[in-house]
Amino acid sequence: MLMNRAARLAPVLMMLALLGSSPPWLTVSGTAVAQEYRPFIGQRGKDVIWVPTPENLIEAMLDAAGVTPGDYVIDLGSGDGRIVVAAARRGARALGIEYNPDLTELSRRNAEAAGVADRARFVTADIFSSDLTRATVVTLYLLPDLNLRLRPTLLGLAPGTRVVSHAFHMGEWAPDETILLADREAYLWIVPARADGAWTLRDGDTPSELRIVQNFQKIEGTLRPGLPIEGGRVLGDRVSFRAGDASYEGRIAGDAMEGTVTTGGVRRTWSAARAGR
């Protein structure tokens, strides 16, 4: 009798599974049979539906970000934990932030099964109220409007932090690299240091005024009155620009910059400090 009832219920269970509505338990002849939680593609979450990132694209995203054992990776909306697990397999410490507690628990089981539970951690939380400051790499697969909401937080992270988004852009903040894989795309940004404002630049004995206007990783402005800077770019804490026949390269550390300038094949050092510092 029990077998007959189970057989009659099989088509119903199959349909529920296809619809993404498999129940967490089923009663057969008065006996509760536990079912392990399994997410389904398209299930609704707080802000997005769940659609997992393919494993090969995950590896390409982590490659683009240059993830190493020295990194701390935070995945926003971590789902079943696959990106966190992949990062942990590379030796990195990784944190998944997920709003659905069932997915959080599933992620922990997946990390245990992969043997990386010591490096992979998962929390049930809202990504918009979570502390991301420890991250050296942030990964996400959300929606364009959510990316824009997160953008000020991401730009406030330490210069050089790598941000990788599956499928969606960050508005006017153009990616530093586009990752193409079959019919999928992902994008890499490197958080730029703050370079805008007035600086006193020393290139030799004579100080000059350097004024920079910054638009994300792109910079423009003037060096001395009337000499525009061109090709300006900030990549993490690295800065580069041209002024006349001189090419400047250097690093930004808070209110100071220093590096080398090349003119006519001759290289020398330069430094700059924010005006008033």
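Structural remarks
- Ordering of 119-126, 218-225, 47-54, 161-168 by packing [mean C-beta count within 10 Å, highest first]: 161-168, 119-126, 218-225, 47-54
- A Gaussian network model of the chain, with springs between Cα atoms under 10 Å, assigns the largest mean-square fluctuation among Leu57, Leu143, Leu181 to Leu181.
- Stretching the chain fully between Asp47 and Ala114 yields a gain of 21.3 nm (0.36 nm per residue, less the alpha carbon separation).
- Note that the chain shows a convex hull volume over its alpha carbon atoms of 154 Å³ per residue.
- Computed over the Cα atoms of the stretch 190-235, the ratio of the radius of gyration to the Kirkwood radius (Rg/Rh) comes to 0.99.
- Whole-Å distance, taken between Cα centres, linking the stretch 232-275 and the stretch 164-218: 15
- Summing +1 for each Lys or Arg and -1 for each Asp or Glu among the other residues whose beta-carbon sits under 10 angstrom from that of Gly91 gives +3.
- Tilt relative to the chain, helix 144-155 - C-alpha long axis, 0 to 90 degrees, to 10: 50
- Charge tally around Arg119: other residues with Cβ under 15 Å, Lys/Arg +1 each, Asp/Glu -1 each, net +3.
- Rounded to 10°, Cα long-axis angle of helix 55-65 versus longest principal axis of the chain: 20
- Selection among Ala246, Ala275, Gly226 by position relative to the dipole of the stretch 176-277 gives Ala275 as farthest towards the positive end (Cβ unit charges, Cα centre).
- Potential extension, Ala256-Tyr37 segment - 0.36 nm per residue separation minus Cα distance: 73.5 nm
- Net +/- balance of residues flanking Thr136 in space, Cβ distance below 11 Å, scoring K and R +1, D and E -1: +2
- Choice from Tyr141, Tyr72, Tyr37 showing the highest fluctuation, given a GNM over the chain with Cα pairs closer than 10 Å: Tyr37
We did not get these values from a lab; they are worked out from the coordinates using the rules stated. Small disclaimer: the values here were computed from a predicted structure and weren't measured. Neighbour counts run over all protein chains shown; Cβ positions are idealised from the backbone, glycine included.
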